[in-house]
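The values are calculated or read from the model by the stated rules, or taken from the named source; none is laboratory data. On a predicted model such as this, the values are computed, not experimentally measured, just so you know. Ideal geometry is used to build each Cβ from the backbone, glycine not excepted, and the neighbour counts take in all protein chains shown. Please note that ligands, DNA and RNA were not included when accessible areas were found on the heavy atoms of the full protein model with its side chains. Shrake-Rupley method; radii C 1.70, N 1.55, O 1.52, S 1.80 Å.
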Amino acid sequence: MKSLIIQTIKKALEKKKIKISDEEIEKHLEAPPSADLGDYAFPCFFLSGIMKQDPKRIALIIRETIGNIPAELEDIQTEGPYVNFFLNRKDLASSVIDTILKQKDAYGKANMGNDKVMIEFSQANTHKAFHVGHIRGTSLGESLARILEFCGNKVIRANYQGDSGMHVAKWIWCYKKYHSREKIKNDESWIASIYVDAVERLAKGEKLQEEVDIVNKSLEGGKNKELVELWKKTRKLSLDAFEKIYKELNTHFDFYFFEKDMEKDATRIVEDLLAKKIAILSDGAAIMDLKKHNLGVWVLLRKDKTVLYSAKDLALAERKFNQYKIDRSIYVVGAEQKLHLHQLFKTLELAGFPQAKKCEYVPVSEVRFPWGKMSSRTGDNVLYSELIKQVADFAKKGIKKRTKKISDKELEGRALKISIAAIKYSMLKQNPNRNIIFKKEEAMNFEGDTGPYLLYSYTRASSILKKSKAKISSKSKNLEQKEIELIKELSKFPEITINAKKALDPSVIANYSYHLAQVFNEFYHSCQVLNSENEAFRVSLVASFEQVLKNSLYLLGIEVLDKM
Ligand code: ARG
């Protein structure tokens, strides 16, 4: 409907020899403060410079030039410097409801071209913790993948796990030297604690790093059987632990890249860059001097020729495009790696990598806690397992209060789902670029801008639908104010998905979901649904709301529940 209005305005202006883009018109369109001023208002102030007229006069000219009112609209009026458009609300209601109930899970899908996009996200490192920052990156990546798919893209979800490099060498070194009598445990937090211990010990003794360097070199060479076996075994423990987490977080990957597999190609690429004098040797290390580009120095190979994280990323970029014939490569990576990503993209460009311009970076900012960043158990960042347990315990108390009879299994399952929804939503409702302070009580609040509030609104709608026996109808003789507001909100969803895709930002969907649920709850409080005269119509509105909320939550990677 909005596009019809935009075109109507555009045509009228063209008749007056004024060319303005759809986007420009859209930017100015407003929602009038009250329904008697129509459904869309077009303010004419910005045209007065171009048309050399008073805005009030311009509004009249536009109205006059439009002439007959298009069939889909009820009226077009001017009010001072505004042109106000009145939708045919009953038609709008039935067309929005019919579309939603017919398209169901597909409502809101767009076809914005079917580019093949690879989204790389999560990228936890083996031998280290899966921490809250990883939850944010994983939730964000999964949501972006869903949004792009919804808009027509073919999406490849890729993970890039750090299973080699200095952090792994530190772990292996520390385990062998100080913990070898401990049994290797299938426990994420034990694995993380060994790494933390290594870091602490290294901070105390300078000489120790030399021992780690030897382990690193040896691991990269792959000839020391004992080390390789230990690496394989512990690597697998980490990777299996991550898989369990991915399942709980409702995400999956189409492809896993591993840092270890990049080492050979990385060395080859750097040698090639050195030969072409794009990279240079400095103190025996291979580096990219990017000072000219304000990006400092990027070290690729150490003096002992072992590869760094940077060089491996060159190999990864190449492999992504060569193996998958993708059109676009998105990196969802922590904001603290901003410089690294820019160094990478610049180096790709300088190396003449043909797809350098098709790489994009979505920075993920930090998650903190009211007491700071640290975890109680490992000293390092708060672990996934730690956070989930805390939030789930909180959720369980709530469920027990609401539900008298529930089996332990059901309680565990429901608490986990509510907790995941709460955590994911609290992270996705914020622009990826902004830091978050996670507060459990806030994220779990049933009455705020939270995942549980949305899930609860969903179950409220479902329970009305279950109770009603009316044969639903999208037609109504008259419409209440709150009904109109809900219908308009529902009609916005397709536009919202497009905006989220363009901005690569799920918070657009999250904020919409919250607003939609609020409008629904207002409707629900002011219009009786069950046993009302207009039950058939109102139930169709409730069903539409249920569907659209489900679709938005789907795009956020949040599963709906039957019961809270
Ligand atoms: N595993 C890396 C880390 O924890 C993140 C990988 C990001 N992706 C990339 N292509 N560099 O620091």
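Return the pairs, sorted by first residue and then second, in which the second residue is near the ligand (Cβ under 10 Å from one of its atoms) and among the charged types (D, E, K, R), the first residue lies in the stretch 304-318 and is within 21 Å of Val332 (Cβ to Cβ), the beta carbons are less than 8 Å apart, and the residues are 6+ apart or on different chains.
Tyr309/Glu259; Lys312/Glu259
For the stretch 432-446, what are the residues that are open to solvent by less than 60 Å² (accessible area, probe 1.4 Å) and under 16 Å from Ser139 (Cα atoms)?
Restricting attention to the stretch 432-446, the residues satisfying the condition of being open to solvent by less than 60 Å² (accessible area, probe 1.4 Å) are 432, 436, 438, 440, 443-444, 446.
Once the filter is applied, which keeps residues that are open to solvent by less than 60 Å² (accessible area, probe 1.4 Å) and under 16 Å from Ser139 (Cα atoms), the stretch 432-446 yields Pro432, Ile436, Phe438, Ala443.
Only one of (1) more than 15 Å from the ligand (Cβ to nearest atom); (2) closer than 19 Å to Leu227 by Cβ; (3) buried (at least 22 other Cβ atoms within 10 Å of the Cβ); (4) among the acidic types (Asp, Glu) is not met by Glu188, so which one is it?
(2)
From the residues in the stretch 63-74 that are in contact with a Leu (Cβ under 9 Å, 6 or more places away or on another chain) and open to solvent by less than 60 Å² (accessible area, probe 1.4 Å), which one is modelled with the highest pLDDT?
Initially, the stretch 63-74 is screened for residues in contact with a Leu (Cβ under 9 Å, 6 or more places away or on another chain), giving 65, 70, 72-74.
From the residues that got through so far, the ones that are open to solvent by less than 60 Å² (accessible area, probe 1.4 Å) too are 65, 70, 73.
Working: Thr65: 97, Pro70: 92, Leu73: 93.
That would be Thr65.
Which residue pairs have Cβ atoms under 8 Å apart, sit 6 or more places apart or on different chains, and have a first residue in the stretch 51-75 that is touching a residue at least 40 places away in the same chain (Cβ under 8 Å) and a second that is of a type in the set (Phe, Trp, Tyr) and open to solvent by less than 50 Å² (accessible area, probe 1.4 Å)?
Ile62/Phe42; Leu73/Phe85; Leu73/Phe86
Starting from the stretch 424-443, keep only residues that are of a type in the set (Val, Ile, Thr), then list their pairs with residues that are part of a loop (DSSP other than H, G, I, E, B) whose Cβ atoms are within a distance under 6 Å, requiring at least 6 positions of separation or different chains.
Ile436/Gln430
Would you call Ser164 more than 30 Å from Gly205 (Cβ to Cβ) and buried (at least 16 other Cβ atoms within 10 Å of the Cβ)?
Answer is no for this residue.
Tally time: how many residues in the stretch 116-139 are modelled with pLDDT under 95 and of a type in the set (D, E, K, R)?
Of the residues in that region, 1 qualify.
Would you check if Glu229 is over 23 Å from Leu387 (Cβ atoms), charged (D, E, K, R) and either in contact with a helix residue (DSSP H, G or I) (Cβ under 7 Å, 6 or more places away or on another chain) or assigned to a loop (DSSP other than H, G, I, E, B) (or both)?
Taking the combined requirement at face value, the residue does not satisfy it.
Give just the number: which of (1) more than 11 Å from the ligand (Cβ to nearest atom); (2) of a type in the set (Val, Ile, Thr); (3) over 30 Å from Val212 (Cβ atoms) does Ile330 not satisfy?
Result: Ile330 fails condition (1) only.
Restricting the search to the stretch 306-318, which residues are within 13 Å of Leu348 (Cα to Cα) and either within 11 Å of the ligand (Cβ to nearest atom) or of a type in the set (A, V, I, L, M, F, W, C) (or both)? Write out each step before concluding.
To start, the set of residues in the stretch 306-318 that are within 13 Å of Leu348 (Cα to Cα) comprises 310-318.
Hits for the stretch 306-318 are Ser310, Ala311, Lys312, Asp313, Leu314, Ala315, Leu316, Ala317.
Where residues in the stretch 77-115 are under 19 Å from Asp505 (Cα atoms) and hydrophobic (A, V, I, L, M, F, W, C), which of them is modelled with the lowest pLDDT?
My answer is Met112.
What are the residues in the stretch 488-529 that are more than 17 Å from the chain's Cα centre (by Cα) and of a type in the set (Val, Ile, Thr), if any?
Those that are more than 17 Å from the chain's Cα centre (by Cα) and of a type in the set (Val, Ile, Thr): Val519, Val529.
Restricting to the stretch 326-356, count the residues that are farther than 18 Å from Met288 by Cβ and open to solvent by 30 Å² or more (accessible area, probe 1.4 Å).
Of the residues in the stretch 326-356, 6 are farther than 18 Å from Met288 by Cβ and open to solvent by 30 Å² or more (accessible area, probe 1.4 Å).
If only one of Tyr178, Tyr195 is in contact with a Ser or Thr (Cβ under 9 Å, 6 or more places away or on another chain) and either more than 28 Å from Leu300 (Cα to Cα) or not small (Gly, Ala, Ser) (or both), which one is it?
Every option except Tyr195 fails the conditions.
What is the one condition in (1) under 28 Å from Lys303 (Cβ atoms); (2) in contact (Cβ under 8 Å) with a residue 24 or more places away in the chain; (3) within 16 Å of the ligand (Cβ to nearest atom) that Phe253 does not satisfy?
(1)
Scan Ser164, Ser189 and give me the residue that is among the polar types (S, T, N, Q), part of a loop (DSSP other than H, G, I, E, B) and in contact with a Lys or Arg (Cβ under 9 Å, 6 or more places away or on another chain).
Ser164
Can you find, within the stretch 83-138, the residue that is farthest from the ligand (Cβ to nearest atom) among those that are loosely packed, with under 15 Cβ neighbours inside 10 Å and assigned to a helix (DSSP H, G or I)?
Step by step, filter the stretch 83-138, then rank; the result is Asp98.
Name the residue, out of Gln323, Gln390, that is polar (S, T, N, Q), open to solvent by 60 Å² or more (accessible area, probe 1.4 Å) and either within 18 Å of Asn125 (Cα to Cα) or within 16 Å of the ligand (Cβ to nearest atom) (or both).
Selected residue: Gln323, the only one of Gln323, Gln390 that is polar (S, T, N, Q), open to solvent by 60 Å² or more (accessible area, probe 1.4 Å) and either within 18 Å of Asn125 (Cα to Cα) or within 16 Å of the ligand (Cβ to nearest atom) (or both).
Quick one: Gly141 ticks every box in (1) among the small types (Gly, Ala, Ser); (2) over 17 Å from the mean Cα position of the chain (by Cα); (3) within 14 Å of the ligand (Cβ to nearest atom) except a single one, so which number is it?
Among (1) among the small types (Gly, Ala, Ser); (2) over 17 Å from the mean Cα position of the chain (by Cα); (3) within 14 Å of the ligand (Cβ to nearest atom), Gly141 violates only (2).
Here are the criteria: (1) open to solvent by 50 Å² or more (accessible area, probe 1.4 Å); (2) modelled with pLDDT of 95 or more. Tell me which single one Glu206 does not satisfy.
Failing condition for Glu206: (2).
Mind listing whichever residues of the stretch 220-267 are exposed (fewer than 13 other Cβ atoms within 10 Å of the Cβ) and basic (Lys, Arg)?
Correct list: Lys223, Lys225, Lys232, Lys233, Lys247, Lys264.
Exactly one condition in (1) hydroxyl-bearing (Ser, Thr, Tyr); (2) under 21 Å from Gln123 (Cβ atoms); (3) touching a helix residue (DSSP H, G or I) at 6+ places or on another chain (Cβ under 6 Å) is not met by Tyr175; state its number.
The one condition Tyr175 does not meet is (2).
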